[in-house]
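First the structure, in the form of structure tokens, and then the observations on it.
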Amino acid sequence: MRGRQVVSLLAAGLTVACSASNSATGADNAGGREVPIASNPPAAARSVSAATAGTTGIGDPYFPGDGNGGYDVTHYALALAYEPRSKHLGGSATIDAKATQELSQFNLDLHGFTVSAVTVNGRPAQFERHGDELTIFSDLRDGAAFKVAVAYAGTPDPVQNSSNLGSYGFIPTTDGAFVTCEPNGAKTWFPSNDHPSDKATFDFTLTVPEGVTAIANGELAGTPQTKDGKITFVWRESNPMVTYLATMTTGKFQVRTGDSPGGIPVYAATDPRFSKSLNSLYDQSARITDYWTTVFGPYPFKYTGGVVDDFAAGYALENQTKPIYGGFEPDEGIIAHELAHQWFGNSLSINRWKDLWLNEGFATYAEWLWSEHRGNGTAQQSFEDAYASATDEIWKYPPGVTRPNDLFNASVYVRGGMALHALRTEIGDTKFFPLLKKWTADHRYGNVTTEQFIDLAEKTSGEQLDDLFDAWLFKPAKPASVG
Ligand code: TRP
Ligand code: ZN
């Protein structure tokens, strides 16, 4: 089917837009206040020097509160218990990081919860809460590896933004939780450097009532252990992951596991209300992942698959190794989209939100490539349909220019996809497809920028492509059609 290019967000009639700023104002909840506790040493002991304070944002110009400066996270170990009936989440986050400057204090992003204790390298550290910033006081040398552990508990308070993406983050449901965090909702369930430019490995030790399944990224480490009416799932994501792709989706699920025909391990899970979709979710996810390896290069992760939950989000998110579909049976177009993100967005992640088209434009183009592969219309036809039906908005707002209050706007998806088709038309299939594979190989598990993609496209093709990219990504005007 064509003419449905913005499928992931628009399929369910959701208006695309998203305020990714740290502006969860109004959502300032009880847990968000400052929490003085006995183990928090007195303020007089603090050494506060602006020069050695990690910044409260990582430096994304349009999203100044997101992420933090002064350190790099290498690993998150989350040990959390969730009680669906009371919506209580509690436990600890133990974070391995490395200082990138001399530090006297640094921040983590955390929204809500009561923090009961913080240690740095095993020693109690003083801390403060200011809005969604958790400030931790500790003297660290530039380059020092350190371990920070945060004990916290409370009721998760997802980001609410009715004018755009609805809610995102840790969203309690009747039988568990639906956890989708793009762009900055990780802070609604664990303290983190909540920005895609800081990738880390993860492990998750998740305890829920017996009968409930807790699904996180990567692979299950061993058989879940049952004790006193509770069950603990241990998941491990051993490849770098951005915070917004982390999940601990929980609830009643039916699960099917196995290997794709191409030999990639598959984990598929459906809420009982979608049990009739389990086999098609499993089969299509397996088949599409295998096909993408022939187009984009080796699968970057240890598992593929997907989760269908009954929370009526109406959208999907490309959670690493396990895209999640919120309240609908996914068709192959959206599965193709979310699985393409495993390469574009997940293995290769953006450094700044302004480059979001590198995720969404590529995933949209992947939908067109999937249709072409399936004989349901060529990418050229999809391009023509998109071009003909594009709104004035799409021509007015180019995908390479950020709209911070409407981050996931249709241009990022549709005109981003059209930009890739224009590139393919210009340089030809014999250069375009090797370019895609070289792009994913050169930056596997890394962070990327639009400039790097343009450079590689020019190098691969031997052509000057500034005008093409200018017209499709940066100019507020309708480019001429191609093909
Ligand atoms: N990246 C999603 C997609 O596949 C869209 C999206 C953005 C999203 N933010 C989200 C989905 C939050 C769920 C929750 O196009
Ligand atoms: Zn997408």
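Tabulated values for the structure
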{"item": "Alpha carbon Rg of region 188-251, scaled by the compact-globule rule 2.2 N^0.38 Å", "result": "1.18"}
{"item": "Charge context of Lys459, other residues only, Cβ under 13 angstrom, K/R +1, D/E -1", "result": "-3"}
{"item": "Protection proxy ranking, peptides 458-464, 149-155, 196-202, average beta carbon neighbours within 10 Å, highest first", "result": "196-202, 149-155, 458-464"}
{"item": "Span from the region 130-194 Cα centroid across to the region 290-305 one, whole angstrom", "result": "29"}
{"item": "Over 15 Å [Cα-Cα, region 253-316], rounded percent", "result": "49"}
{"item": "Kirkwood Rh in Å, taken over all unlike Cα pairs in region 419-461", "result": "10.6"}
{"item": "Principal-axis tilt of helix 379-389 within the chain, Cα atoms, nearest 10 degrees", "result": "80"}
{"item": "For region 284-379, average projected area of the Cα convex hull in nm²", "result": "6.2"}
{"item": "Rounded to 10°, Cα long-axis angle of helix 278-296 versus longest principal axis of the chain", "result": "70"}
{"item": "Rg/Rh for region 95-228, where both radii come from Cα atoms and Rh is the Kirkwood radius", "result": "0.99"}
{"item": "Sites Glu210 and Arg444 - FRET efficiency at Förster radius 35 Å, r taken between beta-carbons, to 0.05", "result": "0.35"}
{"item": "Descending semi-axes in Å of the chain, equivalent ellipsoid built from Cα gyration tensor", "result": "37, 27, 20"}
{"item": "Cα point-scatterer Debye curve for region 354-437, base-10 log of I(q)/I(0) at q = 0.13, 0.21, 0.25 Å⁻¹", "result": "-0.40, -0.97, -1.25"}
{"item": "By average C-beta atoms within 10 angstrom, highest first, the peptides 408-419, 388-399", "result": "408-419, 388-399"}
{"item": "Tilt relative to the chain, helix 416-427 - C-alpha long axis, 0 to 90 degrees, to 10", "result": "50"}
{"item": "Spin-label pair Tyr62/Ser116, simplified geometry with 7 Å Cα→Cβ offset, distance in nm", "result": "4.1"}
{"item": "Radius ratio Rg over Rh of region 178-331, counting only Cα atoms, Kirkwood formula for Rh", "result": "0.95"}
{"item": "Distance (nanometres) between label positions extended 7 Å along Cα→Cβ at Val401 and Ala51", "result": "4.1"}
{"item": "Theoretical FRET efficiency, 1/(1+(r/R0)^6), r = Cβ-Cβ of Arg141 and Asp392, R0 51 Å, to 0.05", "result": "0.40"}
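Taken together, the values in this text are just the output of simple stated rules run on the coordinates, not laboratory data. Treat the numbers as computed from the prediction; the structure is a model and nothing was measured. Note: ideal-geometry Cβ built from the backbone for every residue, glycine included; neighbour counts use all protein chains shown.
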